[in-house]
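Report on one structure; see the data block that follows.
Read-outs: derived from the displayed coordinates by stated rules, not from any lab. It should be emphasised that the depicted structure is a prediction, and the values quoted were computed from it without experimental measurement. A quick note on method: Cβ atoms are made from the backbone with ideal geometry, for glycine too, and the neighbour counts reach across all protein chains shown.
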Amino acid sequence: MTNQTVTPSIYVSVLADYNSGRLHGKWIDATLSVDEIWQKINELYITSKYPNVTATVCNDCNHIKLYSHDKCSSCDSTNIKIVPASEEFAVHDSEGFAPFTVSEYSSIDEVVAIADVLSNVTNDDDLAKITFLQGLYDDLGILKDKVDDVNIYHGSRSDYAEELISEICEIPDLLIHYIDYDKFGRDLEINGEITEIEREVFVTNAQEL
Ligand SMILES: [Zn+2]
């Protein structure tokens with residue numbers, strides 16, 4: 001089953017408010033860019049009830065940047081105002097990231113990278129491939145590049161063994177009932193040449209990945 005109908009999203013809370021018993025946060029779409037997400041977090045920061053730093057808000061383009069600056073870092077305008085702001089957040093909830101997990105301490109870069117990998121999922125096989133690769137690679141960039149390399153087979157291991165043997169050679173009808181495809185398939189699995197990732201779904205080139 002895929003859960004890709006759910007857009008990956010994070011619930012970001014401002015820590016200063018949270019630690020003072022006030023829930024001040026919002027759901028943010030993780031398929032936005034890192035900069036866009038930071039703008040949404042900055043909007044939360046400047047509406048914190050417990051500010052401890054300042055932020056620069058551009059009167060021309062509404063861009064927000066933490067701390068005091070002479071001009072807007074987005075459009076260079078000097079038509080700016082300095083406002084009170086908070087400066088720490090935590091990810092207090094998330095959805096749509098399976099098979100990955102997003103924690104309280106996940107960075108925005110990491111969250112966006114995961115959402116980017118998942119944006120390529122169009123069917124259950126894609127998700128199965130990513131789930132398999134997740135066990136092999138921590139680096140999301142490498143993982144993403146490997147998705148297309150994973151070969152998936154649907155069927156039992158004995159079905160796979162039968163197909164494999166028929167590709168290698170033609171078995172005379174006389175002998176066909178003497179071949180133990182299941183034993184061959186089981187050995188392929190024991191040797192790590194095929195790996196069952198879901199019931200009757202195999203990765204057939206695990207050793208090449
Ligand atoms: Zn600006």
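Debye sum, Cα scatterers, the chain, no solvent: what log₁₀ I/I(0) at q = 0.15, 0.17, 0.19 1/Å? Values, matching the q order: -0.96, -1.09, -1.22. Rounded to whole numbers, the Karplus 3J(HN,Hα) couplings from phi for segment 166-182 are 5, 6, 7, 8, 9, 8, x, 3, 4, 9, 4, 7, 9, 8, 8, 4, 5 Hz, using 6.51 cos²θ - 1.76 cosθ + 1.60 with θ = phi - 60°, and x at Gly and Pro.
Working note: Karplus 6.51/-1.76/1.60 with θ = phi - 60° gives segment 160-165 the couplings 5, 4, 5, 5, 4, 5 Hz, where Gly and Pro are set to x. Among the listed pairs LYS26/LYS144; LYS26/LYS81; LYS65/LYS144; LYS26/LYS65; LYS40/LYS146, give every one whose C-alpha distance is greater than 22 Å. In this structure, LYS26/LYS144; LYS26/LYS81; LYS65/LYS144; LYS40/LYS146 lie more than 22 Å apart at Cα. Taken one residue at a time, the phi angles of segment 46-54 give Karplus couplings (6.51, -1.76, 1.60, θ = phi - 60°) of 7, 10, 5, 7, 10, x, 9, 9, 10 Hz. Gly and Pro are set to x. Calculate I(q)/I(0) for segment 11-128 by the Debye formula, one identical point scatterer on each C-alpha and no solvent, and give its log10 at q = 0.12, 0.21, 0.24 Å⁻¹ to two decimals. Relative scattering, expressed as log10 I(q)/I(0), comes to -0.50, -1.11, -1.28. When trypsin sites (Lys or Arg not before Pro) are flagged only if DSSP places them in a loop and at most 16 other Cβ atoms lie within 10 Å, the longest unflagged stretch of the chain comes out as 72-198.
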